[in-house]
Amino acid sequence: MTEWLKAAQSQEKDYLNDLISLMKIPSVRDDDAATDEYPLGPRPAQALKAFLEMADQDGFKTKNIDNLVGYAECGEGDETLAILAHLDVMPAGKGWDTDPFDPVIKDGNLYGRGASDDKGPGMAAYYALKYLKDQGIKFNKRVRFIVGTDEESNWTGMHRYFEVEPAPTLGFSPDAEFPVINGEKGQVSLLLSVLGTNEGDYQLKSFAAGLRFNMVPREAVAEVIVKDRQQVQSDFARFLDNNPVSGTAEETAEGLKLTVIGKAAHGMEPEKGINAGTYLANFLDQYEFKAGAQSFIHFLGKYLHLNTRMDSFDGAFTDPVMGELTMNAGILNFTTAKGGDINMNFRFPKGLTPDDLEAVVKRVADPLGIAVKQGPAQAPHYVDPDDPIVKTLMAAYVHQTGDQNAQPEVVGGGTYGRLMKRGVAFGALMPNTPNTMHQANEFQPVADLIKSMAIYMEAINNLVTD
Ligand SMILES: [Zn+2]
(Lines give C-alpha, C1' and ligand atoms only; values in the text may rest on other atoms or scores of the structure.)
Protein backbone atom coordinates (compact mmCIF):
# COMPACT_ATOMS: atom_id res chain seq x y z
CA MET A 1 0.00 0.00 0.00
CA THR A 2 1.39 3.35 -0.94
CA GLU A 3 1.66 6.34 1.34
CA TRP A 4 -0.78 8.27 -0.83
CA LEU A 5 -3.42 5.58 -0.49
CA LYS A 6 -2.99 5.62 3.31
CA ALA A 7 -3.32 9.39 3.25
CA ALA A 8 -6.50 9.16 1.17
CA GLN A 9 -7.96 6.55 3.53
CA SER A 10 -7.34 8.91 6.44
CA GLN A 11 -9.70 11.39 4.71
CA GLU A 12 -12.50 8.92 3.96
CA LYS A 13 -14.89 9.85 6.75
CA ASP A 14 -14.73 13.62 6.25
CA TYR A 15 -14.79 13.22 2.49
CA LEU A 16 -17.95 11.10 2.52
CA ASN A 17 -19.64 13.52 4.91
CA ASP A 18 -18.98 16.53 2.69
CA LEU A 19 -19.76 14.60 -0.48
CA ILE A 20 -23.07 13.27 0.79
CA SER A 21 -24.16 16.72 1.96
CA LEU A 22 -23.55 18.05 -1.58
CA MET A 23 -25.32 15.07 -3.17
CA LYS A 24 -28.42 15.86 -1.11
CA ILE A 25 -28.81 19.11 -3.07
CA PRO A 26 -30.74 18.28 -6.29
CA SER A 27 -28.62 20.68 -8.33
CA VAL A 28 -30.33 20.19 -11.68
CA ARG A 29 -30.32 23.20 -13.99
CA ASP A 30 -33.87 24.56 -14.09
CA ASP A 31 -34.50 27.28 -16.67
CA ASP A 32 -38.15 27.59 -15.61
CA ALA A 33 -36.99 28.75 -12.16
CA ALA A 34 -34.26 31.06 -13.52
CA THR A 35 -34.06 34.62 -12.16
CA ASP A 36 -31.54 37.45 -12.60
CA GLU A 37 -29.88 36.32 -9.38
CA TYR A 38 -29.97 32.60 -10.30
CA PRO A 39 -29.61 32.38 -14.10
CA LEU A 40 -29.60 28.55 -14.01
CA GLY A 41 -32.28 28.21 -11.34
CA PRO A 42 -31.61 28.24 -7.56
CA ARG A 43 -30.43 24.64 -7.06
CA PRO A 44 -27.10 24.68 -8.94
CA ALA A 45 -26.27 27.95 -7.12
CA GLN A 46 -27.20 26.35 -3.79
CA ALA A 47 -24.66 23.57 -4.41
CA LEU A 48 -22.07 26.15 -5.44
CA LYS A 49 -22.67 28.15 -2.27
CA ALA A 50 -22.48 25.05 -0.06
CA PHE A 51 -19.19 24.04 -1.68
CA LEU A 52 -17.63 27.50 -1.39
CA GLU A 53 -18.58 27.66 2.31
CA MET A 54 -16.81 24.35 2.85
CA ALA A 55 -13.73 25.54 0.98
CA ASP A 56 -13.75 28.79 2.91
CA GLN A 57 -13.76 26.90 6.21
CA ASP A 58 -11.00 24.64 4.89
CA GLY A 59 -8.79 27.70 4.48
CA PHE A 60 -9.01 28.27 0.73
CA LYS A 61 -9.47 31.64 -0.89
CA THR A 62 -12.86 31.45 -2.62
CA LYS A 63 -14.91 33.38 -5.16
CA ASN A 64 -18.45 33.03 -6.47
CA ILE A 65 -18.78 34.47 -9.98
CA ASP A 66 -22.41 35.47 -10.63
CA ASN A 67 -23.84 32.27 -9.09
CA LEU A 68 -22.64 30.49 -12.24
CA VAL A 69 -19.16 29.29 -11.39
CA GLY A 70 -16.74 29.58 -8.50
CA TYR A 71 -13.34 28.54 -7.31
CA ALA A 72 -11.22 27.60 -4.32
CA GLU A 73 -7.60 28.72 -4.54
CA CYS A 74 -4.34 27.91 -2.78
CA GLY A 75 -0.62 28.12 -3.52
CA GLU A 76 1.35 30.78 -5.32
CA GLY A 77 3.40 31.06 -8.47
CA ASP A 78 3.53 32.45 -12.00
CA GLU A 79 1.71 29.47 -13.39
CA THR A 80 -1.81 28.31 -12.56
CA LEU A 81 -2.85 24.68 -12.40
CA ALA A 82 -6.64 24.38 -12.81
CA ILE A 83 -8.84 21.49 -11.75
CA LEU A 84 -12.25 21.75 -13.44
CA ALA A 85 -15.20 19.90 -11.92
CA HIS A 86 -18.96 20.47 -11.87
CA LEU A 87 -21.64 20.58 -9.20
CA ASP A 88 -24.75 20.29 -11.38
CA VAL A 89 -26.30 16.89 -12.00
CA MET A 90 -28.56 15.30 -14.59
CA PRO A 91 -32.27 15.01 -13.68
CA ALA A 92 -32.85 11.83 -11.67
CA GLY A 93 -35.15 10.13 -14.19
CA LYS A 94 -37.11 6.97 -13.40
CA GLY A 95 -36.11 3.52 -12.25
CA TRP A 96 -34.18 4.18 -9.02
CA ASP A 97 -34.16 1.60 -6.21
CA THR A 98 -33.20 4.28 -3.68
CA ASP A 99 -33.82 8.02 -3.38
CA PRO A 100 -31.42 9.62 -5.90
CA PHE A 101 -30.96 12.63 -3.60
CA ASP A 102 -30.57 10.71 -0.35
CA PRO A 103 -27.30 8.86 -0.93
CA VAL A 104 -26.74 5.40 0.58
CA ILE A 105 -23.74 3.09 0.76
CA LYS A 106 -24.66 -0.51 -0.08
CA ASP A 107 -22.13 -3.33 -0.55
CA GLY A 108 -19.33 -0.77 -0.62
CA ASN A 109 -20.97 1.29 -3.38
CA LEU A 110 -22.17 4.86 -2.97
CA TYR A 111 -25.54 5.25 -4.71
CA GLY A 112 -27.07 8.60 -5.63
CA ARG A 113 -27.17 11.24 -8.37
CA GLY A 114 -23.70 12.69 -8.74
CA ALA A 115 -21.83 9.74 -7.16
CA SER A 116 -19.83 9.26 -10.36
CA ASP A 117 -20.78 12.38 -12.37
CA ASP A 118 -19.32 14.53 -11.01
CA LYS A 119 -19.65 15.25 -7.28
CA GLY A 120 -17.87 12.04 -6.19
CA PRO A 121 -14.79 12.46 -8.41
CA GLY A 122 -14.78 16.26 -8.06
CA MET A 123 -14.74 16.07 -4.27
CA ALA A 124 -12.04 13.36 -4.39
CA ALA A 125 -9.83 15.80 -6.32
CA TYR A 126 -10.77 18.62 -3.93
CA TYR A 127 -9.88 16.50 -0.89
CA ALA A 128 -6.56 15.58 -2.50
CA LEU A 129 -5.75 19.27 -2.91
CA LYS A 130 -6.93 20.11 0.61
CA TYR A 131 -4.78 17.33 2.07
CA LEU A 132 -1.64 18.62 0.30
CA LYS A 133 -2.38 22.17 1.44
CA ASP A 134 -2.94 21.04 5.05
CA GLN A 135 0.35 19.10 4.99
CA GLY A 136 2.09 22.42 4.44
CA ILE A 137 3.59 21.33 1.12
CA LYS A 138 5.23 24.27 -0.62
CA PHE A 139 3.38 24.88 -3.89
CA ASN A 140 5.34 26.36 -6.80
CA LYS A 141 2.11 27.11 -8.65
CA ARG A 142 -1.19 28.71 -7.89
CA VAL A 143 -3.90 26.03 -7.92
CA ARG A 144 -7.51 26.80 -8.65
CA PHE A 145 -10.21 24.22 -8.09
CA ILE A 146 -12.96 25.58 -10.36
CA VAL A 147 -16.55 24.33 -10.24
CA GLY A 148 -19.11 24.87 -12.98
CA THR A 149 -22.85 24.55 -12.42
CA ASP A 150 -24.21 23.64 -15.88
CA GLU A 151 -21.73 21.18 -17.35
CA GLU A 152 -24.63 18.92 -18.36
CA SER A 153 -26.08 21.58 -20.65
CA ASN A 154 -24.42 24.72 -22.01
CA TRP A 155 -21.31 25.30 -19.90
CA THR A 156 -22.53 28.87 -19.26
CA GLY A 157 -20.68 28.98 -15.94
CA MET A 158 -17.34 27.68 -17.15
CA HIS A 159 -17.48 29.88 -20.24
CA ARG A 160 -18.09 32.87 -17.94
CA TYR A 161 -15.01 31.92 -15.93
CA PHE A 162 -12.80 31.93 -19.01
CA GLU A 163 -14.25 35.31 -20.06
CA VAL A 164 -13.53 37.09 -16.78
CA GLU A 165 -10.55 35.26 -15.24
CA PRO A 166 -7.03 34.71 -16.63
CA ALA A 167 -6.57 31.44 -18.54
CA PRO A 168 -4.84 28.73 -16.47
CA THR A 169 -1.48 27.44 -17.70
CA LEU A 170 -2.49 23.80 -17.58
CA GLY A 171 -5.05 21.59 -15.95
CA PHE A 172 -7.31 18.59 -15.81
CA SER A 173 -10.97 17.77 -15.33
CA PRO A 174 -11.89 14.84 -13.04
CA ASP A 175 -15.11 14.26 -15.01
CA ALA A 176 -14.56 11.25 -17.24
CA GLU A 177 -12.50 8.09 -16.82
CA PHE A 178 -8.98 6.89 -16.09
CA PRO A 179 -6.34 6.98 -17.35
CA VAL A 180 -5.81 10.32 -19.15
CA ILE A 181 -7.97 11.58 -22.02
CA ASN A 182 -5.59 13.79 -23.99
CA GLY A 183 -7.69 14.17 -27.12
CA GLU A 184 -11.31 14.95 -27.89
CA LYS A 185 -12.68 14.85 -31.38
CA GLY A 186 -14.35 17.87 -32.94
CA GLN A 187 -18.10 17.91 -33.19
CA VAL A 188 -20.59 19.31 -35.68
CA SER A 189 -24.14 18.54 -36.79
CA LEU A 190 -25.26 18.84 -40.39
CA LEU A 191 -28.94 19.75 -40.58
CA LEU A 192 -30.67 18.38 -43.67
CA SER A 193 -34.12 19.21 -44.93
CA VAL A 194 -36.37 18.02 -47.73
CA LEU A 195 -39.90 18.79 -48.90
CA GLY A 196 -42.80 16.81 -47.41
CA THR A 197 -44.21 15.92 -50.81
CA ASN A 198 -45.77 12.62 -51.96
CA GLU A 199 -47.29 11.11 -55.11
CA GLY A 200 -48.71 7.76 -56.16
CA ASP A 201 -49.68 4.52 -54.42
CA TYR A 202 -47.11 4.66 -51.61
CA GLN A 203 -47.18 7.73 -49.39
CA LEU A 204 -45.28 8.66 -46.23
CA LYS A 205 -47.60 10.61 -43.92
CA SER A 206 -45.17 10.86 -41.03
CA PHE A 207 -41.88 9.46 -39.74
CA ALA A 208 -40.39 10.04 -36.27
CA ALA A 209 -37.16 8.64 -34.84
CA GLY A 210 -34.86 10.09 -32.22
CA LEU A 211 -35.10 12.95 -29.75
CA ARG A 212 -31.50 14.07 -29.34
CA PHE A 213 -28.65 14.48 -31.79
CA ASN A 214 -26.23 12.72 -29.45
CA MET A 215 -28.25 9.52 -28.97
CA VAL A 216 -28.88 6.62 -31.36
CA PRO A 217 -32.68 6.45 -31.87
CA ARG A 218 -34.17 3.46 -30.09
CA GLU A 219 -37.65 3.77 -31.58
CA ALA A 220 -39.01 4.74 -34.99
CA VAL A 221 -42.62 5.14 -36.08
CA ALA A 222 -43.91 5.70 -39.63
CA GLU A 223 -47.45 6.21 -40.87
CA VAL A 224 -47.79 5.13 -44.49
CA ILE A 225 -50.40 4.63 -47.19
CA VAL A 226 -49.60 1.51 -49.19
CA LYS A 227 -51.03 -0.35 -52.19
CA ASP A 228 -51.56 -3.68 -50.42
CA ARG A 229 -51.62 -3.65 -46.63
CA GLN A 230 -51.41 -7.42 -46.23
CA GLN A 231 -48.40 -7.69 -48.52
CA VAL A 232 -46.54 -4.96 -46.63
CA GLN A 233 -47.46 -6.53 -43.27
CA SER A 234 -46.05 -9.89 -44.30
CA ASP A 235 -42.93 -8.25 -45.79
CA PHE A 236 -42.52 -6.40 -42.49
CA ALA A 237 -42.83 -9.58 -40.41
CA ARG A 238 -40.09 -11.17 -42.51
CA PHE A 239 -37.92 -8.05 -42.20
CA LEU A 240 -38.22 -8.19 -38.41
CA ASP A 241 -37.26 -11.89 -38.45
CA ASN A 242 -34.14 -11.19 -40.48
CA ASN A 243 -32.87 -8.14 -38.60
CA PRO A 244 -31.78 -7.34 -35.03
CA VAL A 245 -34.89 -5.23 -34.34
CA SER A 246 -38.41 -5.84 -33.09
CA GLY A 247 -41.58 -4.01 -34.09
CA THR A 248 -45.29 -3.90 -34.81
CA ALA A 249 -47.55 -3.12 -37.77
CA GLU A 250 -50.99 -1.70 -36.98
CA GLU A 251 -53.75 -0.95 -39.45
CA THR A 252 -54.92 2.66 -39.48
CA ALA A 253 -57.86 4.31 -41.23
CA GLU A 254 -55.61 5.24 -44.15
CA GLY A 255 -52.94 2.56 -44.19
CA LEU A 256 -50.40 1.24 -41.71
CA LYS A 257 -48.49 2.44 -38.67
CA LEU A 258 -45.12 0.70 -38.48
CA THR A 259 -43.00 0.77 -35.33
CA VAL A 260 -39.41 -0.46 -35.06
CA ILE A 261 -37.48 -0.86 -31.79
CA GLY A 262 -33.68 -0.93 -31.90
CA LYS A 263 -31.17 0.00 -29.22
CA ALA A 264 -30.11 3.40 -27.88
CA ALA A 265 -26.46 4.32 -27.40
CA HIS A 266 -24.40 7.46 -26.95
CA GLY A 267 -23.88 9.38 -30.18
CA MET A 268 -20.10 9.33 -29.79
CA GLU A 269 -20.17 5.52 -30.14
CA PRO A 270 -23.02 5.05 -32.63
CA GLU A 271 -21.87 1.55 -33.63
CA LYS A 272 -22.90 0.36 -30.15
CA GLY A 273 -26.57 1.15 -30.87
CA ILE A 274 -29.15 -0.18 -33.33
CA ASN A 275 -30.65 2.78 -35.17
CA ALA A 276 -34.41 2.07 -35.35
CA GLY A 277 -34.87 4.98 -37.80
CA THR A 278 -32.51 3.78 -40.49
CA TYR A 279 -33.81 0.19 -40.14
CA LEU A 280 -37.38 1.36 -40.71
CA ALA A 281 -36.32 3.49 -43.70
CA ASN A 282 -34.31 0.59 -45.09
CA PHE A 283 -37.50 -1.51 -44.99
CA LEU A 284 -39.62 1.21 -46.67
CA ASP A 285 -37.00 1.85 -49.37
CA GLN A 286 -38.13 -1.26 -51.32
CA TYR A 287 -41.48 0.39 -52.22
CA GLU A 288 -42.23 3.06 -54.81
CA PHE A 289 -42.48 6.21 -52.73
CA LYS A 290 -42.12 9.39 -54.75
CA ALA A 291 -41.01 13.03 -54.46
CA GLY A 292 -39.72 14.34 -51.09
CA ALA A 293 -40.86 11.20 -49.27
CA GLN A 294 -38.78 9.03 -51.57
CA SER A 295 -35.66 11.20 -51.10
CA PHE A 296 -36.06 11.09 -47.32
CA ILE A 297 -36.54 7.32 -47.20
CA HIS A 298 -33.79 6.56 -49.69
CA PHE A 299 -31.26 8.81 -47.99
CA LEU A 300 -31.94 7.19 -44.60
CA GLY A 301 -32.39 3.63 -45.83
CA LYS A 302 -29.47 3.48 -48.22
CA TYR A 303 -26.89 6.08 -47.14
CA LEU A 304 -27.36 6.45 -43.38
CA HIS A 305 -28.21 2.81 -42.68
CA LEU A 306 -25.38 0.81 -41.00
CA ASN A 307 -23.04 3.58 -41.94
CA THR A 308 -21.52 5.21 -38.87
CA ARG A 309 -18.15 5.67 -40.64
CA MET A 310 -19.43 7.38 -43.82
CA ASP A 311 -18.28 4.59 -46.18
CA SER A 312 -21.42 4.85 -48.32
CA PHE A 313 -20.61 8.52 -48.91
CA ASP A 314 -16.98 7.66 -49.80
CA GLY A 315 -16.17 9.82 -46.80
CA ALA A 316 -14.48 7.49 -44.30
CA PHE A 317 -11.49 9.12 -42.59
CA THR A 318 -9.03 8.05 -39.89
CA ASP A 319 -6.33 10.14 -38.26
CA PRO A 320 -3.46 7.94 -37.03
CA VAL A 321 -3.49 9.65 -33.64
CA MET A 322 -7.10 10.71 -33.06
CA GLY A 323 -8.85 7.81 -34.75
CA GLU A 324 -11.94 7.53 -36.92
CA LEU A 325 -14.58 9.97 -38.09
CA THR A 326 -17.94 8.79 -36.67
CA MET A 327 -21.49 9.84 -37.52
CA ASN A 328 -24.75 9.43 -35.63
CA ALA A 329 -28.10 9.90 -37.37
CA GLY A 330 -29.82 11.06 -34.20
CA ILE A 331 -32.97 12.92 -35.30
CA LEU A 332 -34.99 11.70 -38.29
CA ASN A 333 -38.41 13.34 -38.73
CA PHE A 334 -40.89 13.76 -41.57
CA THR A 335 -44.39 15.18 -41.83
CA THR A 336 -46.23 16.21 -44.97
CA ALA A 337 -46.76 19.67 -43.48
CA LYS A 338 -43.20 20.37 -42.27
CA GLY A 339 -41.18 18.16 -44.59
CA GLY A 340 -38.21 16.02 -43.60
CA ASP A 341 -35.50 16.96 -41.06
CA ILE A 342 -32.34 14.97 -40.51
CA ASN A 343 -29.60 15.66 -37.96
CA MET A 344 -26.28 13.99 -38.78
CA ASN A 345 -23.95 14.47 -35.81
CA PHE A 346 -20.22 14.03 -36.53
CA ARG A 347 -17.26 13.47 -34.22
CA PHE A 348 -14.20 14.29 -36.32
CA PRO A 349 -10.45 13.96 -35.73
CA LYS A 350 -7.86 16.56 -36.73
CA GLY A 351 -7.33 16.61 -40.49
CA LEU A 352 -11.03 17.20 -41.23
CA THR A 353 -13.19 20.32 -41.06
CA PRO A 354 -16.98 20.86 -40.97
CA ASP A 355 -16.70 22.22 -44.54
CA ASP A 356 -15.12 18.93 -45.69
CA LEU A 357 -18.02 17.02 -44.15
CA GLU A 358 -20.60 19.31 -45.70
CA ALA A 359 -19.03 18.77 -49.16
CA VAL A 360 -19.06 14.98 -48.71
CA VAL A 361 -22.73 14.92 -47.69
CA LYS A 362 -23.78 17.34 -50.42
CA ARG A 363 -22.46 15.03 -53.13
CA VAL A 364 -25.20 12.57 -52.14
CA ALA A 365 -27.85 15.00 -50.85
CA ASP A 366 -27.89 17.49 -53.78
CA PRO A 367 -29.11 15.05 -56.45
CA LEU A 368 -31.89 13.93 -54.06
CA GLY A 369 -33.08 17.51 -53.55
CA ILE A 370 -32.02 17.50 -49.89
CA ALA A 371 -30.65 20.80 -48.52
CA VAL A 372 -27.67 20.78 -46.12
CA LYS A 373 -26.57 23.38 -43.59
CA GLN A 374 -24.05 23.41 -40.75
CA GLY A 375 -24.90 23.68 -37.08
CA PRO A 376 -22.43 25.09 -34.51
CA ALA A 377 -19.08 23.30 -34.43
CA GLN A 378 -16.35 22.52 -31.90
CA ALA A 379 -12.79 22.01 -33.12
CA PRO A 380 -10.81 18.87 -32.23
CA HIS A 381 -8.66 19.16 -29.10
CA TYR A 382 -5.36 17.36 -28.64
CA VAL A 383 -2.57 17.59 -26.08
CA ASP A 384 0.78 16.01 -26.94
CA PRO A 385 1.29 12.78 -24.93
CA ASP A 386 4.81 14.03 -24.15
CA ASP A 387 3.46 17.19 -22.47
CA PRO A 388 4.34 17.08 -18.75
CA ILE A 389 0.64 17.38 -17.81
CA VAL A 390 -0.10 14.09 -19.59
CA LYS A 391 3.08 12.38 -18.40
CA THR A 392 2.67 13.38 -14.75
CA LEU A 393 -0.97 12.31 -14.58
CA MET A 394 -0.28 9.02 -16.36
CA ALA A 395 2.62 8.26 -14.00
CA ALA A 396 0.44 8.86 -10.92
CA TYR A 397 -2.30 6.60 -12.30
CA VAL A 398 0.13 3.80 -13.19
CA HIS A 399 1.89 4.08 -9.84
CA GLN A 400 -1.34 3.85 -7.82
CA THR A 401 -3.02 1.12 -9.88
CA GLY A 402 -0.09 -0.93 -11.17
CA ASP A 403 -1.72 -0.80 -14.61
CA GLN A 404 1.49 -0.76 -16.68
CA ASN A 405 -0.32 -1.06 -20.03
CA ALA A 406 -2.40 2.09 -19.61
CA GLN A 407 -2.15 4.61 -22.44
CA PRO A 408 -3.64 8.08 -22.87
CA GLU A 409 -6.88 7.97 -24.87
CA VAL A 410 -8.81 9.99 -27.42
CA VAL A 411 -12.61 10.11 -27.07
CA GLY A 412 -15.55 11.50 -29.03
CA GLY A 413 -15.82 14.49 -26.61
CA GLY A 414 -16.46 16.67 -24.68
CA THR A 415 -15.14 17.54 -21.23
CA TYR A 416 -14.02 20.79 -19.63
CA GLY A 417 -10.45 19.69 -20.43
CA ARG A 418 -10.85 21.11 -23.93
CA LEU A 419 -11.20 24.64 -22.54
CA MET A 420 -7.44 24.80 -21.81
CA LYS A 421 -4.69 24.47 -24.39
CA ARG A 422 -2.87 22.08 -22.06
CA GLY A 423 -6.05 20.60 -20.60
CA VAL A 424 -7.04 16.94 -20.33
CA ALA A 425 -9.66 14.81 -18.61
CA PHE A 426 -8.42 12.54 -15.81
CA GLY A 427 -10.69 10.07 -13.99
CA ALA A 428 -12.46 9.03 -12.08
CA LEU A 429 -14.17 6.00 -13.63
CA MET A 430 -11.88 2.97 -13.27
CA PRO A 431 -11.51 0.70 -16.32
CA ASN A 432 -13.45 -2.22 -14.80
CA THR A 433 -16.21 -0.27 -13.05
CA PRO A 434 -19.55 -0.01 -14.89
CA ASN A 435 -20.38 3.44 -16.24
CA THR A 436 -23.69 4.50 -14.64
CA MET A 437 -23.42 8.22 -15.36
CA HIS A 438 -26.78 9.79 -16.36
CA GLN A 439 -28.57 6.53 -15.48
CA ALA A 440 -30.86 5.28 -12.72
CA ASN A 441 -29.00 3.83 -9.71
CA GLU A 442 -25.87 5.85 -10.49
CA PHE A 443 -23.08 4.65 -8.21
CA GLN A 444 -19.35 4.62 -7.62
CA PRO A 445 -17.53 2.11 -5.40
CA VAL A 446 -16.23 3.92 -2.31
CA ALA A 447 -12.89 2.12 -2.73
CA ASP A 448 -12.61 3.57 -6.26
CA LEU A 449 -13.28 7.06 -4.98
CA ILE A 450 -10.60 6.71 -2.29
CA LYS A 451 -8.13 5.29 -4.79
CA SER A 452 -8.95 8.21 -7.13
CA MET A 453 -8.17 10.56 -4.27
CA ALA A 454 -4.76 8.90 -3.83
CA ILE A 455 -4.09 9.24 -7.58
CA TYR A 456 -5.08 12.93 -7.47
CA MET A 457 -2.84 13.48 -4.41
CA GLU A 458 0.19 12.03 -6.12
CA ALA A 459 -0.57 13.81 -9.42
CA ILE A 460 -1.20 17.26 -7.90
CA ASN A 461 1.78 16.90 -5.57
CA ASN A 462 4.07 16.16 -8.51
CA LEU A 463 2.62 19.00 -10.59
CA VAL A 464 3.04 21.64 -7.88
CA THR A 465 6.48 20.60 -6.64
CA ASP A 466 8.24 19.84 -9.95
ZN1 LIG B 1 -19.88 15.27 -15.82
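Looking only at residues that are free of Cβ contacts under 8 Å to residues at least 60 places away in the same chain and within 11 Å of the ligand (Cβ to nearest atom) in the range 118-151, which one is nearest to Met23 (Cα to Cα)?
Top of the filtered list is Asp118.
Criterion first (surrounded by 18 or more Cβ atoms within 10 Å (Cβ to Cβ) and within 30 Å of Ala406 (Cα to Cα)) does Lys185 satisfy it?
yes
For the range 1-8, check the following and say yes or no: at least one residue is more than 21 Å from Gly112 (Cβ to Cβ), at pLDDT 95 or above, touching a Gly at 6+ places or on another chain (Cβ under 7 Å) and not acidic (Asp, Glu).
Scanning the range 1-8, I find no residue that is more than 21 Å from Gly112 (Cβ to Cβ), at pLDDT 95 or above, touching a Gly at 6+ places or on another chain (Cβ under 7 Å) and not acidic (Asp, Glu), so the answer is no.
Yes/no per residue for (1) over 27 Å from Met310 (Cβ atoms); (2) within 16 Å of the ligand (Cβ to nearest atom); (3) touching a Pro at 6+ places or on another chain (Cβ under 6 Å):
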| site | (1), (2), (3) |
| --- | --- |
| Val361 | no, no, no |
| Leu368 | no, no, no |
| Gln378 | no, no, no |
| Tyr397 | yes, no, yes |
| Asn405 | yes, no, no |
| Val424 | yes, yes, no |
| Pro431 | yes, no, no |
| Met437 | yes, yes, no |
| Phe443 | yes, yes, no |
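Every residue, every condition in (1) assigned by TED's automatic domain parsing to the domain that holds Met215; (2) acidic (Asp, Glu), yes or no:
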residue	(1), (2)
Asn345	yes, no
Lys350	yes, no
Lys362	yes, no
Pro388	no, no
Asp403	no, yes
Gly412	no, no
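Determine if the range 272-286 includes at least one residue that is assigned to a strand (DSSP E or B) and in the same structural domain as Tyr202 (by TED's automatic domain parsing).
Among the residues of the range 272-286, at least one is assigned to a strand (DSSP E or B) and in the same structural domain as Tyr202 (by TED's automatic domain parsing), which makes the answer yes.
For the range 313-430, list the strands (runs of 3 or more DSSP E) that sit wholly inside it and hold at least 2 residues that are closer than 24 Å to Ile297 by Cα; which are they?
326-335, 339-348, 371-378
Looking at the range 42-88, which of its residues are under 22 Å from the mean Cα position of the chain (by Cα) and either at pLDDT below 95 or surrounded by fewer than 21 Cβ atoms within 10 Å (Cβ to Cβ) (or both)?
Arg43
Please pick out the residue among Lys227, Lys257 that is assigned to a strand (DSSP E or B), of a type in the set (Lys, Arg) and in contact (Cβ under 8 Å) with a residue 24 or more places away in the chain.
Just a single option satisfies the conditions, and that option is Lys257.
Is it the case that Thr35 is β-branched (Val, Ile, Thr), more than 16 Å from the ligand (Cβ to nearest atom), within 27 Å of Asn109 (Cβ to Cβ) and in a loop (DSSP other than H, G, I, E, B)?
Criteria not met by Thr35.
The values are calculated or read from the model by the stated rules, or taken from the named source; none is laboratory data. Just so it is clear, the structure is predicted and the values come from calculations on it, not from any experiment. Note: ideal-geometry Cβ built from the backbone for every residue, glycine included; neighbour counts use all protein chains shown.
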